Amino acid sequence: MSNWYEKSFGEDYLIVYKHRSRQDASREVARLQEWLQLQEKQLILDLCCGMGRHTIALARKGYSMVGLDLSRVLLSHAVRESEGLAIPFVHGDMRALPFVDHTFDVVLNLFTSFGYFERDEDNLRVLSEIHRVLKPQGQFVMDFLNRHAVEQNLVPESVREEDNVWIREERWIDGDFVCKKITVKDERGERRYEERVKMVEYPRLRQWMEQTGLTVVQAYGDFAGHPYTKESERMIMVGCVNK
Ligand SMILES: C[S@@+](CC[C@H](N)C(=O)[O-])C[C@H]1O[C@@H](n2cnc3c(N)ncnc32)[C@H](O)[C@@H]1O
């Protein structure tokens, strides 16, 4: 395993990101229902579903869900948490989705699950794959970081304790990438992880989407539904397949 995203989403991720709870997810899901005007029979892909926070919340509301992720650890948590809901949780890479063309009504990509690759070509492949697996009338939502806000609010170092686990997060900017080094320490010893996300900005992301057959219909700055501006907390693109 040589890429950061193959190592950083295991058991310790669940501790470090414990604050990103299922409660947040159910609030976000209510907004997704409103923005997308979701219909009961629609088939929805939660691309990079992690432990399935949104997948499970949407399934509980009666939607047909599929979750895909690269982390077998997080997928097994999702399977456990979703007992009785019969959600297919699929292991795969977002650059090569194991689904036939035009499978889904909606593709979701939430909580900064994009920009993981050094080469733009790979990041673009993710968008092409979203386009490929969407039906001709399909819709998508991408909830991504907002570069300006990341740069303005970057906290270079923070330390906290979570369930008797000591966590240090160091953050810095390296060109177009926002980077994080996470050190986790407990009675089992010390582990280190990295994160490295390309801060693709609004005009470029929009242009990449257009280029791959996706149209941005609305951009929000948060899940409260404020319109996107340069100062926004997040950059949430809601769109559809090009007509
Ligand atoms: C920041 S987490 C977000 C998880 C989830 N969407 C949520 O809101 O809790 C990013 C997820 O992307 C997954 N991931 C990383 N690289 C991937 C890849 N190449 N293909 C598919 N999933 C990937 C990770 O395993 C992780 O679950």
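The values are calculated or read from the model by the stated rules, or taken from the named source; none is laboratory data. Predicted, not measured: the structure shown is a model, and the values here were computed from it. Cβ sites come from the backbone with ideal geometry, for glycine too, and all protein chains shown count toward neighbours. For accessibility, only protein heavy atoms count, side chains too; no ligands or nucleic acids. Shrake-Rupley method; radii C 1.70, N 1.55, O 1.52, S 1.80 Å.
Listed highest first by mean packing, meaning other Cβ atoms within 10 Å per residue, what order do 156-164, 79-87, 211-219, 235-243 come in?
235-243, 211-219, 79-87, 156-164
Rounded to the nearest whole Å², what accessible area per residue is found for the chain with the 1.4 Å probe?
49 Å²
Once you've got the Cα coordinates, tell me which of Lys7/Lys181; Lys135/Lys243; Lys41/Lys243 are over 18 Å apart.
Lys41/Lys243
Give me the net charge of Leu108's neighbourhood, meaning all other residues with Cβ under 12 Å from the Cβ of Leu108; Lys, Arg count +1, Asp, Glu -1.
Residues near Leu108 contribute -2 overall.
Which percent of the accessible heavy-atom area of the stretch 1-125 goes to carbon and sulfur, probe 1.4 angstrom?
Ligands and nucleic acids excluded, carbon and sulfur give 48 percent.
Quick one: net charge around Met199, please, counting Lys, Arg +1 and Asp, Glu -1 for every other residue with C-beta under 11 Å from its C-beta.
Every neighbour counted, the sum reads 0.
Restricting the calculation to Cα positions, tell me the Rg (one decimal) and the Dmax (whole number) of the chain in Å.
Rg then Dmax for the chain, in Å: 17.4, 56.
Within the accessible area of the stretch 143-206, what % is carbon and sulfur when the probe is 1.4 Å and the other protein chains stay in place?
So the carbon and sulfur contribution to the accessible surface is 43 percent.
For the chain, what does -39500 (n - 2.57) per DSSP helix run (n ≥ 4), summed and divided by total residues, give at 222 nm, in deg cm²/dmol to the nearest 500?
After summing the helix terms and dividing by the residues of the chain, the value is -8500 deg cm²/dmol.
Taking the Cβ of Val159 as the centre, find all other residues whose Cβ is under 12 Å away and add up their charges (Lys, Arg: +1; Asp, Glu: -1).
-2
Percent relative contact order of the chain, based on C-alpha pairs within less than 8 angstrom and at least six residues apart?
17 percent
Quick one: 3J(HN,Hα) in Hz for the stretch 183-192, Karplus 6.51/-1.76/1.60 with θ = phi - 60°, rounded, Gly and Pro as x.
Whole-Hz 3J(HN,Hα) from phi for the stretch 183-192: 10, 10, 9, 8, 5, 7, x, 10, 10, 10.
Could you calculate the contour length gain from Arg192 to Arg168, that is, 0.36 nm times the residue separation minus the distance between their Cα atoms, to one decimal place in nm?
This chain segment gains 7.7 nm when fully extended.
Using the Karplus curve 6.51 cos²θ - 1.76 cosθ + 1.60 with θ = phi - 60°, what ³J(HN,Hα) values do you get for each residue of the stretch 47-63, in whole Hz, with x for Gly and Pro?
Once rounded to whole Hz, the list reads 7, 6, 6, x, 7, x, 3, 7, 4, 5, 4, 6, 4, 4, 8, x, 7.
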